[in-house]
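The values are calculated or read from the model by the stated rules, or taken from the named source; none is laboratory data. As the structure is a prediction and not an experimental result, all values here were calculated from the model. Here the Cβ positions follow ideal geometry from the backbone for every residue, glycine too, while neighbour counts run over all protein chains shown. Side chains are part of the model used for accessible areas, which takes the heavy atoms of the whole protein and leaves out ligands, DNA and RNA. Shrake-Rupley method; radii C 1.70, N 1.55, O 1.52, S 1.80 Å.
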Amino acid sequence: MSKTNIDFPDNLLWYKDAIIYELHIKAFRDGNGDGVGDFQGLLEKLDYLQELGVTAIWLLPFYPSPLRDDGYDIADYYTINKSYGDIEQFKILLDEAHRRNLKVITELVINHSSDQHPWFQRARRAPKGSPERDYYVWTDDPTQYKDVRIIFQDFEKSNWTWDNEAQQYYWHRFFHHQPDLNYGNPLVQDEVFRMIDYWCELGVDGFRLDAVPYLFEREGTNGENLPETHAFLKKLRKHVDDHFPGVVFLAEANMWPEDSASYFGNGDECHMNYHFPVMPRLFMSLQMEDRYPITDIFDQTPAIPANCQWAIFLRNHDELTLEMVTDEERDYMYKTYAKDPKAKINLGIRHRLAPLLGNNRKKIELMNSLLFSLPGTPVIYYGDEIGMGDNVYLGDRDGVRTPMQWSPDRNAGFSTANPHKLYLPTILDPEYHYESVNVETQRQNTSSLFWFMKRMITLRKKHKAFGRGDLNFLPVENPKVLAFTRTYADETLLFVINLSKFSQPAHIELTGFSGYVPVEAFSQNSFPIVSENETYFFTLAPHDYQWFVLEKKHTDVIPAFQLPTINVALWGRF
Ligand code: BGC
């Protein structure tokens with residue numbers, strides 16, 4: 001999977017071995033009882049994250065914002081939304097997280113701002129063509145850039161919106177209240193460098209670069225992945241490497257593998273990038289009981305530079321996006337995973353992991369086993385570690401952003417406020433009700449999903465091959481079984497996964513491993529030795545996943561044990 005071997009000090013590669021936990025401040029824990037989560041609440045719950053075992057937190061946008069896109073509509077890039085806390089509390093959070101060896105990744109939403117941002121208010125009043133007006137992208141002709149697709153198709157009809165005050169149209173790739181910043185203007189580029197310096201100096205460990213493929217526009221193109229965008233990102237990266245080594249860029253580039261991989265550059269652009277196309281194919285493979293969608297997408301994935309890493313995920317704060325699938329695949333996904341038409345939004349499905357999988361514990365475990373074993377750094381969405389439900393009847397993507405369920409108490413232990421004051425209602429669906437699905441209850445039951453996740457995380461941290469190993473799919477005659485190895489240095493891990501709801505046999509070719517013993521990774525149980533020229537046979541239970549460390553059996557010749565010679569004088573016999 002790796003393309004080059006750039007010399008890169010190992011401690012700067014922390015993101016390769018990371019396990020990231022994604023959360024929204026407002027949804028995690030309300031420390032002051034006003035119904036909205038805050039930094040004080042998150043501070044109270046850092047021990048929980050440490051107990052779960054994750055190594056990095058990705059914080060969704062926490063800046064001042066009209067919250068018409070849940071904070072991705074930023075009105076000030078340098079402060080904290082008052083409902084969540086202030087910069088002093090943010091600094092304490094950084095200290096406390098670092099004290100627990102937790103890295104903190106924040107959002108850098110630089111494609112667009114809110115229309116309430118002073119830059120936009122100034123731009124619409126400034127004279128046409130002035131540097132202030134040109135902080136954003138304007139036109140008199142809304143047929144410009146006509147080859148650019150609309151992303152939020154359920155909400156927007158055009159990427160241009162008329163502004164009465166400016167007497168021009170402005171450009172936006174997302175909601176009309178999120179005007180795109182104009183990267184053709186060097187002043188805008190300077191602003192981004194300033195922001196990065198500010199947050200790096202405070203001590204953040206990384207930035208998720210939101211919507212990064214869309215920074216520049218050029219006529220006659222689809223406005224995505226333009227060379228200008230890559231050149232700008234390389235400049236940003238150089239700046240960060242020179243001044244804040246170890247700070248990481250995590251690109252959000254929802255693209256096909258080839259285009260996605262271009263955001264790594266030659267190891268001189270983004271350190272990480274989500275592997276968007278893998279995600280829906282994990283769900284497809286499970287439903288089809290066929291490994292092909294998974295093996296095929298990895299076969300299409302180019303090698304990436306040695307200092308880069310994919311981020312993989314099952315769910316996040318957005319809809320399960322179906323942009324990177326074919327039309328037939330999308331129909332299939334809708335048919336199987338969006339039974340309630342309310343679950344569809346834009347080009348995707350607004351469900352959390354447990355409801356998507358019919359709350360089937362075996363399927364939830366199997367999907368997590370894929371998340372934790374395939375190449376890339378796993379990203380867990382808050383609440384999915386306890387199997388939280390969702391509410392598709394809330395607006396937009398709010399149904400997957402409801403309060404974290406801590407206990408069976410009022411408001412799921414999220415807040416002491418009057419339940420009517422909560423920023424969103426808690427989940428009351430009987431199947432996922434917070435009285436049964438919550439951290440407190442699951443902590444007490446070592447068979448719970450929470451404990452399962454904890455164990456998987458603990459195991460992952462023991463073997464570097466998870467984060468750094470190569471990927472090698474093994475030939476298996478049964479297409480319902482996926483088998484692969486991950487090798488790093490002298491360590492090889494073997495994974496055997498049954499995608500079917502029925503028991504399956506699997507003859508696996510373990511070429512090159514004769515003389516090795518598969519040692520079951522959780523129990524340390526040794527399986528029979530792999531012998532030459534024979535396929536290895538596994539019997540797999542429904543939705544089974546088996547993880548092994550392949551250990552070379554000690555073959556040094558041990559000198560045969562020799563009985564001591566005793567010379568006995570047989571007195572008197574002769
Ligand atoms: C974020 C979305 C947001 C959009 C516009 C996305 O990539 O993940 O939640 O609505 O950017 O900022």
Looking at this structure, is I345 within 16 Å of the ligand (Cβ to nearest atom) and β-branched (V, I, T)?
yes
I'd like to verify a number: residues in segment 156-211 that are over 24 Å from D242 (Cα atoms), of a type in the set (F, W, Y), in contact (Cβ under 8 Å) with a residue 40 or more places away in the chain and open to solvent by 20 Å² or more (accessible area, probe 1.4 Å), how many?
1
I need the full set of residues from segment 134-186 which are within 16 Å of the ligand (Cβ to nearest atom) and over 19 Å from I110 (Cβ atoms), in order please.
R149, I150, Q153, D154, F155, E156, T161
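For every residue, the table says whether it meets (1) within 20 Å of the chain's Cα centre (by Cα); (2) open to solvent by 30 Å² or more (accessible area, probe 1.4 Å).
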site	(1), (2)
G41	no, no
Y48	yes, no
R68	no, yes
F90	no, no
V104	yes, no
E107	yes, no
F120	no, no
Residues being of a type in the set (A, V, I, L, M) and away from the ligand (no atom under 13 Å from the Cβ) - total across segment 60-80
2
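Condition check ((1) farther than 21 Å from Y21 by Cα; (2) without any contact (Cβ under 8 Å) to a residue 40 or more places away in the chain) across all residues:
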residue	(1), (2)
I386	no, no
W406	no, no
D429	yes, no
R443	no, yes
L449	no, no
K454	no, no
Kindly list the number of the only condition in (1) among the small types (G, A, S); (2) within 16 Å of the ligand (Cβ to nearest atom); (3) touching a helix residue (DSSP H, G or I) at 6+ places or on another chain (Cβ under 8 Å) that fails for G387.
(2)
Identify all residues within segment 327-345 that are surrounded by fewer than 20 Cβ atoms within 10 Å (Cβ to Cβ) and either out of contact with any helix residue (DSSP H, G or I) (no Cβ under 8 Å at 6 or more places or on another chain) or among the hydrophobic types (A, V, I, L, M, F, W, C) (or both); write none if there are none.
D327, E328, R330, D331, Y334, K335, K339, D340, P341, K342
Residue check for V400: closer than 26 Å to I151 by Cα, in the same structural domain as P305 (by TED's automatic domain parsing) and among the aliphatic types (A, V, I, L, M)
yes
Have a look at E323, E385 and point out the one that is of a type outside the set (S, T, N, Q), touching a Leu at 6+ places or on another chain (Cβ under 9 Å), open to solvent by 10 Å² or more (accessible area, probe 1.4 Å) and assigned by TED's automatic domain parsing to the domain that holds R291.
E323
Can you tell me which residue in segment 512-545 is surrounded by the most Cβ atoms within 10 Å (Cβ to Cβ), limited to those that are closer than 23 Å to Y292 by Cα and within 33 Å of the chain's Cα centre (by Cα)?
H543
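Every residue in segment 358-370 that is out of contact with any helix residue (DSSP H, G or I) (no Cβ under 8 Å at 6 or more places or on another chain) and either closer than 15 Å to K454 by Cβ or in a loop (DSSP other than H, G, I, E, B) (or both), please.
Let us first name the residues in segment 358-370 that are out of contact with any helix residue (DSSP H, G or I) (no Cβ under 8 Å at 6 or more places or on another chain), namely 358-360, 362.
Of everything in segment 358-370, those that are out of contact with any helix residue (DSSP H, G or I) (no Cβ under 8 Å at 6 or more places or on another chain) and either closer than 15 Å to K454 by Cβ or in a loop (DSSP other than H, G, I, E, B) (or both) turn out to be G358, N359, N360.
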Matching residues in segment 100-114 - criterion: being within 13 Å of the ligand (Cβ to nearest atom) and of a type outside the set (S, T, N, Q)
E107, L108, V109, I110, H112
Would you confirm, using the coordinates I've provided, whether F313 is modelled with pLDDT of 95 or more, of a type in the set (A, V, I, L, M, F, W, C), out of contact with any Gly (no Cβ under 7 Å at 6 or more places or on another chain) and open to solvent by 20 Å² or more (accessible area, probe 1.4 Å)?
no
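G399: of a type outside the set (D, E, K, R), within 16 Å of the ligand (Cβ to nearest atom), free of Cβ contacts under 8 Å to residues at least 24 places away in the same chain and more than 26 Å from L493 (Cα to Cα), yes or no?
Taking the combined requirement at face value, the residue does not satisfy it.
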Return the pair list, or none, for Cβ contacts closer than 6 Å from residues in segment 296-318 that are over 17 Å from A251 (Cα atoms) to residues that are modelled with pLDDT of 95 or more and within 16 Å of the ligand (Cβ to nearest atom), at least 6 apart or on different chains.
I297/P277
Residues that are open to solvent by less than 10 Å² (accessible area, probe 1.4 Å), at least 3 per element: which helices (runs of 4 or more DSSP H) completely within segment 436-503 meet that?
449-462, 465-468
